Amino acid sequence: NAGVTQTPKFQVLKTGQSMTLQCAQDMNHNSMYWYRQDPGMGLRLIYYSASEGTTDKGEVPNGYNVSRLNKREFSLRLESAAPSQTSVYFCASSADPGTTEAFFGQGTRLTVV
Amino acid sequence: AQSVTQLGSHVSVSEGALVLLRCNYSSSVPPYLFWYVQYPNQGLQLLLKYTTGATLVKGINGFEAEFKKSETSFHLTKPSAHMSDAAEYFCAVSPSGGGSEKLVFGKGTKLTVNP
């Protein structure tokens with residue numbers, strides 16, 4: 001039982017390049033989330049999907065887009081990467097929008113040079 | 001609106017000593033409160049949570065936390081630290097009944113355990 005799986009684990013991009021971070025969960029959860037973690041900042045929500053077919057902005061959505069491809073998969077896209085997007089990105093899922101326990105992936109460490 | 005303050009970005013204890021990680025919150029509605037742990041190069045894992053009922057909450061690995069409404073606190077404790085407890089700990093708050101999209105995280109406290 002893998003839980004929440006993120007790919008890739010590490011990535012280096014040049015400024016202006018694009019990339020998509022992939023996330024899949026095998027727990028049949030309805031809700032999925034993307035966070036970024038920066039030193040001394042804790043975790044901040046980028047986007048979330050309460051259920052298949054819906055997406056909403058979180059606290060820091062600028063520069064990102066998301067796609068809820070199906071119930072299992074939720075991808076995060078950087079169209080034109082900037083150094084300010086250097087961070088560790090975490091995908092998470094929870095059973096339903098109203099439940100409070102989130103399960104996290106192991107993260108993607110992204111460096112934009 | 002919710003917010004979380006974790007006092008001390010770094011805490012260092014000796015193996016076998018008491019672990020106390022402090023968390024204060026503000027919330028305009030009854031809160032749900034959480035502690036997550038992040039081991040090096042790992043994602044976050046739920047340690048324990050308070051939603052309703054008993055204010056002393058027991059979690060995994062011998063940790064517990066007490067919800068004190070009068071002090072707006074939810075401090076995390078463990079009687080005897082183990083080397084394997086070295087990690088970063090995050091306190092989080094959400095409004096009662098709110099989903100994970102409403103979680104607000106503190107900035108984290110890195111716990112070092114010295115032999």
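The values are calculated or read from the model by the stated rules, or taken from the named source; none is laboratory data. Computed from a predicted structure; not experimentally measured. Here the Cβ positions follow ideal geometry from the backbone for every residue, glycine too, while neighbour counts run over all protein chains shown.
The table for this structure:
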item: Options B:His75, B:His82; residue that is at pLDDT 95 or above and closer than 30 Å to A:Lys9 by Cβ; result: B:His82
item: Subset tally (residues that are surrounded by fewer than 17 Cβ atoms within 10 Å (Cβ to Cβ) and among the polar types (S, T, N, Q)) for the range A:37-74; result: 6
item: Meets criteria (part of a strand (DSSP E or B), within 11 Å of chain B (Cβ to nearest Cβ) and closer than 17 Å to B:Gln45 by Cα) for A:Tyr89; result: yes
item: The range A:53-79, residues that are more than 14 Å from every other protein chain (Cβ to nearest Cβ) and in a strand (DSSP E or B); result: A:Tyr64, A:Asn65, A:Ser67, A:Glu73, A:Ser75, A:Leu76, A:Arg77, A:Leu78
item: Flag if A:Glu101 is surrounded by fewer than 17 Cβ atoms within 10 Å (Cβ to Cβ) and either at pLDDT 95 or above or at the interface with chain B (Cβ under 7 Å from one of its Cβ atoms) (or both); result: yes
item: Residues being within 29 Å of B:Leu7 (Cα to Cα) and among the charged types (D, E, K, R) - total across the range A:1-53; result: 3
item: Matching residues in the range B:39-66 - criterion: being assigned to a strand (DSSP E or B), within 14 Å of chain A (Cβ to nearest Cβ) and crowded, with 16+ Cβ neighbours inside 10 Å; result: B:Leu44, B:Leu46, B:Leu47, B:Leu48, B:Lys49, B:Tyr50, B:Val57
item: Restricting the range B:12-35 to residues that are more than 8 Å from chain A (Cβ to nearest Cβ) and among the aromatic types (Phe, Trp, Tyr), the residue that is surrounded by the fewest Cβ atoms within 10 Å (Cβ to Cβ); result: B:Tyr25
item: Looking only at the range A:4-16, and only at residues there that are touching a strand residue (DSSP E or B) at 6+ places or on another chain (Cβ under 8 Å) and over 22 Å from B:Gly108 (Cβ atoms), the one that is nearest to the other protein chains (Cβ to nearest Cβ); result: A:Thr5
item: Of residues in the range A:34-52 being part of a loop (DSSP other than H, G, I, E, B) and in contact with a Pro (Cβ under 9 Å, 6 or more places away or on another chain), the one nearest to the other protein chains (Cβ to nearest Cβ); result: A:Ala50
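This table checks each residue for (1) touching a Lys or Arg at 6+ places or on another chain (Cβ under 8 Å); (2) touching a residue at least 12 places away in the same chain (Cβ under 8 Å).
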site	(1), (2)
B:Tyr39	no, yes
B:Gln42	no, no
B:Val57	yes, no
B:Ser94	yes, yes
B:Phe105	yes, yes
